[in-house]
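Encoded as structure tokens, the structure appears first; notes follow it.
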Amino acid sequence: MTKPSSITFHDIATDQIAALEGQIAIFVSPDGKLDMSGRKVNTLSRKAISRFLESDTFQKASVGTVHAITCPAGVAAETVYVIKLPRRPTRDEARKAGVALGKRLGVADLWLLAGSLSGIENVMFGLVLRNYSFGKHKTSQADTKGEVHVAVSDPEALKAQFAPLAAIAEGVFFTRDLTNEPANVLTTTTFAEQLVALEEIGIKTEVLEEKQLHELGMGSLLCVGQGSDSPSKVVVMQWNGGGDENPFALVGKGVVFDTGGISLKPGAGMWDMTMDMGGAGVVAGVMKTLALRGAKANVVGLVGLVENMPSGNAVRPGDVVTSMKGDTIEVQNTDAEGRLVLADVLWYAQERFEPTGMIDLATLTGAIIIGLGHENAGVFSNDDALCKAFLKSADTEGEGAWRLPLAPAYDDLLKSRIADMKNIGGRPAGSITAAQFLQRFVKNDTPWCHLDIAGVASVSKETK
Ligand code: BES
Ligand code: MN
Ligand code: ZN
């Protein structure tokens, strides 16, 4: 797995600054105030910093901007980065400054001279997340990045403060690796293996194989993978860090590749469907983070791993399948496969665990990209309290999420002539009818949120 850059923590005296090699970063408040390390660098460089602070470039720069002063006199470092940041930055400002710095990280070591800057852990978090890259399939390896050092007044305290964020970064990197991995490498089998490996950090895992899925009656999930040579699987991951209360359930769509099946997708851009397991990837990453943080909570993650391929054995448009719940489904479009997978995993999660609540994540519809673009995930819920709590967390983290409605009139669009329902509702409100389909497999008293992450799981340009 891609490892987040490791960071070492130091308490250094100002008279050591002149000899630091590589790159130095200092923080300056928007009104141009330097802290102790900043003043030291300024003196050493014969006031190069204060001259820069008087410039239009600095004065007009927005908060979080990083400027480089190259090879100033008086210091061994080849670059001094000047970061414009208030002494008490918001979480977002601190993370964005870290991202800006992360973009510039090269082969040289970087020293963050942060003194007693509040929010430095968020600067580090932004830097670490920005430094992810997926290079394993490039034969010529990019130069390894330099080490990151942070010099602060209380290194031990900062280390403790950063630990939970480092655990998030590990989970995020796990998700990103899984999502980036092409489908010939990340098959249903190798995906399951990577999840079973989470046992090492204390997560209890089980892999339900096709035979068991048949016995459970998961005809809806199974029909999706029946045209593929890769066996369908459901992986259950349990983190029991709480008391003896029932767990919260996370459910992920894990379509390792979505050709559309017999309702074949057009060729252009089909390669992107290697990310159609992004929901399952997020569930896996969250489980990893929970374990690394030793979270005091009971959470069960369940992912449906399948591959949607056309073949002589594939499910046909018009076929009728029976879900684990017992409801029959007319598969009018084999490309609306994610909901078929989730229907059975959602039902299984409730039957087995009676969860206190449930969130599913799925790259479910192209329609959500038409509605919300790549800025917001679509959120659907049967429970205002859970939904509000989720939206609040998303907002705190600067993650785009926007609630869309559910209503019986949309549900009507799923009526089938020959079965209990069909798996598509037509062009209007495509993301909502997909969510309505899922809701048919959610018990009324299970608080539930569905996140349609098709637009946000994998983006091709930098986010704001
Ligand atoms: N995996 C796709 C949705 C998708 C599209 C994800 C673009 C990421 C980017 C999903 O399985 C799908 O094919 N949905 C169909 C549903 C339709 C047939 C009702 C779609 O959106 O076209
Ligand atoms: Mn599809
Ligand atoms: Zn899909």
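The values are calculated or read from the model by the stated rules, or taken from the named source; none is laboratory data. The shown structure was predicted, so the numbers you read here are calculated from the model rather than taken from an experiment. Here the Cβ positions follow ideal geometry from the backbone for every residue, glycine too, while neighbour counts run over all protein chains shown.
A few points about this structure:
Residue-wise test of (1) over 31 Å from the mean Cα position of the chain (by Cα); (2) at pLDDT 95 or above; (3) of a type in the set (A, V, I, L, M).
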| residue | (1), (2), (3) |
| --- | --- |
| GLY398 | no, no, no |
| TRP402 | no, yes, no |
| LEU406 | no, yes, yes |
| ASP411 | no, yes, no |
| SER416 | yes, yes, no |
| MET421 | yes, yes, yes |
| GLY426 | no, yes, no |
| ILE432 | no, yes, yes |
| PHE437 | no, yes, no |
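- Any hit, the range 167-176, residues being of a type in the set (Lys, Arg) and surrounded by fewer than 22 Cβ atoms within 10 Å (Cβ to Cβ): yes
- Only one entry in ILE368, ILE359 is within 16 Å of ligand 2 (Cβ to nearest atom), buried (at least 18 other Cβ atoms within 10 Å of the Cβ) and in contact (Cβ under 8 Å) with a residue 24 or more places away in the chain, namely ILE368.
Quick grid of which residues meet (1) assigned to a helix (DSSP H, G or I); (2) closer than 30 Å to MET309 by Cα; (3) not assigned by TED's automatic domain parsing to the domain that holds ALA284:
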site	(1), (2), (3)
LEU117	no, no, yes
ASN122	yes, no, yes
LEU127	yes, no, yes
PHE134	no, yes, yes
GLY146	no, no, yes
ALA163	yes, no, yes
ALA167	yes, no, yes
LEU186	no, yes, no
PHE191	yes, yes, no
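- VAL150 falls short on exactly one of the conditions (1) in a helix (DSSP H, G or I); (2) β-branched (Val, Ile, Thr); (3) more than 26 Å from GLY252 (Cα to Cα), and that condition is (1).
- Of all the listed residues (VAL236, VAL224, VAL185), the sole one being under 24 Å from MET324 (Cβ atoms) and away from ligand 3 (no atom under 16 Å from the Cβ) is VAL236.
- Within the range 415-449, the set of residues being part of a strand (DSSP E or B) and more than 16 Å from ligand 2 (Cβ to nearest atom) comprises MET421, TRP448, CYS449.
- Hits in the range 1-34 - residues which are exposed (fewer than 15 other Cβ atoms within 10 Å of the Cβ), modelled with pLDDT under 95 and closer than 24 Å to LEU292 by Cα: MET1, LYS3, SER6
- Filter result for ALA77 (touching a helix residue (DSSP H, G or I) at 6+ places or on another chain (Cβ under 9 Å), aliphatic (A, V, I, L, M), within 27 Å of THR2 (Cα to Cα) and crowded, with 18+ Cβ neighbours inside 10 Å): no
- Of the helices (runs of 4 or more DSSP H) that lie entirely inside the range 25-86, those containing 2 or more residues that are of a type in the set (Lys, Arg) span 36-44.
- The one condition from (1) modelled with pLDDT under 95; (2) part of a loop (DSSP other than H, G, I, E, B) that PRO89 does not meet is (1).
- Residues satisfying the criterion are present in the range 389-405 (criterion: on the phi < 0 side of the Ramachandran plot, of a type in the set (A, V, I, L, M) and surrounded by 21 or more Cβ atoms within 10 Å (Cβ to Cβ)).
- Any chance GLN238 is surrounded by fewer than 21 Cβ atoms within 10 Å (Cβ to Cβ) and part of a strand (DSSP E or B): yes
- Residue match in the range 290-297 (condition: within 15 Å of ligand 2 (Cβ to nearest atom) and of a type outside the set (A, V, I, L, M)): no
Results for (1) in the same structural domain as GLU199 (by TED's automatic domain parsing); (2) more than 18 Å from GLU210 (Cα to Cα); (3) at pLDDT below 95; (4) within 11 Å of ligand 3 (Cβ to nearest atom), shown as yes or no for each residue.
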residue	(1), (2), (3), (4)
ASP258	yes, yes, no, yes
ALA268	yes, yes, no, no
ASP276	yes, yes, no, yes
GLY285	yes, yes, no, no
LEU290	yes, yes, no, no
LEU302	yes, no, no, no
MET309	yes, no, no, no
GLY338	yes, no, no, yes
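- Any hit, the range 214-227, residues being surrounded by fewer than 17 Cβ atoms within 10 Å (Cβ to Cβ) and part of a helix (DSSP H, G or I): yes
- Of all residues making up the range 258-269, the number that are of a type outside the set (A, V, I, L, M) and either over 21 Å from GLU337 (Cβ atoms) or more than 10 Å from ligand 2 (Cβ to nearest atom) (or both): 3
- Filtered residue count, the range 236-279, keeping only those that are within 10 Å of ligand 1 (Cβ to nearest atom) and among the hydroxyl-bearing types (Ser, Thr, Tyr): 2
- Put simply, of LEU221, LEU216, LEU264 the only residue that is touching a residue at least 12 places away in the same chain (Cβ under 8 Å) and either more than 19 Å from MET309 (Cβ to Cβ) or small (Gly, Ala, Ser) (or both) is LEU216.
- Selection within the range 391-412 - in contact (Cβ under 8 Å) with a residue 60 or more places away in the chain and part of a helix (DSSP H, G or I): THR396
- Residue selected from the range 168-182 under the condition aliphatic (A, V, I, L, M) and over 13 Å from ALA280 (Cβ atoms), by the criterion nearest to the chain's Cα centre (by Cα): VAL172
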